[in-house]
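The values are calculated or read from the model by the stated rules, or taken from the named source; none is laboratory data. Since we're looking at a predicted model, the values are computed, not measured. Cβ placement follows ideal geometry from the backbone for every residue including glycine, while neighbour counts extend to all protein chains displayed. Areas reflect the complete protein model, heavy atoms only, side chains present, ligands, DNA and RNA absent. Shrake-Rupley method; radii C 1.70, N 1.55, O 1.52, S 1.80 Å.
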Amino acid sequence: MTLQARQISKAYGAQRVLDRLDLSVDAGELVCLLGPNGAGKTTLIRTLSGLQKPDSGEVLWGSESEGIGALKLRRSIGLILHQPFLYEHLTGFENLRFYSRLYETGLGDADLRKMLGRVGLGSARPIPVRGYSRGMKQRLTIARALLCDPRILLFDEPYTGLDQQGCGMLNQLVLEESARNKLVLLTTHELSYIRQVATRFDVLHRGKIAASIPNAGISLDSLQEQYSAVIAAGKAARKEQA
Amino acid sequence: MKAWLHSVRVLIWKDLLQEWRSRDILTSMLAFAVLSLFIFNYALELSPINRADIAPGIVWVVMVFAGTLGLNRSFTAEQDQGCFEGLIMAVPDLSAIYFAKLLTNLLMMVFLAVLVIPIYSVLYNQSLFNWAFFGVLALGSWGYSAAGTLIASMTVQTRMRDLLLPVLLFPLLLPVNMAVVKSCGVLLGSVAGQDINGWLNLLLVYDIIVTMLSIMVFEYVIQE
């Protein structure tokens, strides 16, 4: 299974967010997409998930015959975006049960409770989600994204709202999923956490993957240095063009 | 088809459970309906002779206005928490979302009718307990919910959704309003010399056409 973006472009009005971008992620890889605010990370995740179409270029999920219109393919993507996709008046368990039934996962109540335990919500009181803290909602969102046992995990800023334990739990989960030959692509600014698990860092700048940094035991300082250098080089090139 | 029906059933269950927990929609609809019936009761001087003339109009207008409160809120959870995107990834076809919302809104309207009819009967001292009368209200509610669900899915994405929904919806409801009021009038004996079948056919055709058209365009509304 390989997720490929070929020459995709996306613009909002006059602002070009993605500019003939190429990206390829293989199963078993855990790729972190880095980039400054407004670089287009969320747009790229939404495009790769099929929620929005690129203006040009194409996205390939596995074999070329598979289209995002296929239910099986859509249900094989575990997606986290900025909003949690949770119903505030339902409890965490009821939210999971709803999505489980919608995805036709066949999971029973015991499996769902196990899933809640996996994200650290096993002992949470059965209260509506509107009473959850931001971190608890994010944990539930992670459980919701993993419910359908997805082959592709697209996580946009998954560390948002999580405490240190939560970040550790998320790292553990994505490592486990990656070890099961799942394809993981996530965006974050939390370099200290993602450095521990990512196999590669792709830097998105000015609508393109400006650099790809392999993680061969890279230190946090070195990663920050390389990332800053890529962004600075991009800005310098822009000034020269102007 | 099996997966589609399953999705519709699961979505309706979720909507009803959510409404049971919050009681947002039913409470506002019922409060509005009861208050309106009270206001009409003392605002209109009704004699026993003209009660039957006016009953269909009052009952349907109260249901339409109260129903608008429910329609306005029917997509807010999906819009506010980004749940549309979660549903898009999971359902076999987007029409399942529309159809589930339509049926939920229809259930709310039928429930409203079940409560409005006895309250009206007591307040106005005129019995409306008539299965045919209830059937016409249910048919009207179907057309109302079919058009209303589609318009609500459009307006929920705008800042002025509370204002836009009635402005866009009410002109579309003209055939339903006429057909429901005239049919109920014939049933209550206030409209003489008219054939109810014509109005019922209009209602049925409207319901089917609007439902089919809405199913076809809902996908574009959501994705835009």
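For a modelled paramagnetic label at A:ARG20, 7 Å from Cα along Cα-to-Cβ, the residues of the range A:198-242 in reach, with backbone nitrogen under 14 Å, are A:207-209.
Per the accessible-area calculation with a 1.4 Å probe, the total area buried between chain A and chain B rounds to 2500 Å². Quick check: at a probe of 1.4 Å, how many percent of the accessible area of the range B:99-224 sits on carbon and sulfur atoms? Carbon-and-sulfur percentage of accessible area, whole number: 71. Relative intensity of chain A on a log10 scale, I(q)/I(0) at q = 0.08, 0.09, 0.18 Å⁻¹, equals -0.31, -0.39, -1.42, per a Debye sum over C-alpha point scatterers of equal strength in the absence of solvent. Geometric descriptor of the range A:16-125, per residue, is 161 Å³ (volume of the convex hull of the Cα atoms).
Considering only A:LEU107, A:VAL129, A:LEU90, the residue lying farthest towards the positive end of the dipole of the range A:85-149 is A:VAL129, judged by Cα position with unit charges set on Cβ. Averaged over the residues of peptide B:18-30, the number of Cβ atoms from other protein chains lying within 10 Å of each residue's Cβ is 2. Shape analysis of the range B:20-137 based on the Cα gyration tensor places the equivalent ellipsoid semi-axes at 34, 15, 10 Å, largest first.
Kirkwood radius, the range A:50-180, all distinct C-alpha pairs, inverse of mean reciprocal distance: 15.6 Å.
Taken over the range B:90-166, the alpha-carbon convex hull comes to 109 cubic angstrom per residue. Lysine pair count for the protein assembly as shown (Cα-Cα distance under 22 Å; residues 8 or more apart in sequence or on different chains): 22. Taking each pair of distinct Cα atoms in the range A:1-65 once, what is the resulting Kirkwood hydrodynamic radius in Å? Across the range A:1-65, the inverse of the average 1/r is 12.2 Å. If you take the alpha carbon radius of gyration of the range A:85-149 and divide it by 2.2 N^0.38 Å, what ratio comes out, to two decimals? Output field value: 0.97.
Partner shielding of A:80-87 amounts to 5, given as the average count of beta-carbon atoms from other chains within 10 Å of each residue beta-carbon.
Other protein chain C-beta atoms within 10 Å of residue C-beta, averaged over B:78-86: 6. Computed over chain B, the P(r) curve from all C-alpha pair distances, binned at 5 Å from the origin, holds 1, 7, 15, 18, 19, 15, 11, 7, 4, 2, 1, 0 percent per bin. Each Cα pair of the protein assembly as shown feeds into the Kirkwood radius, which the Stokes-Einstein equation turns, at 4 °C and 1.567 mPa s, into a diffusion coefficient of 52 µm²/s.
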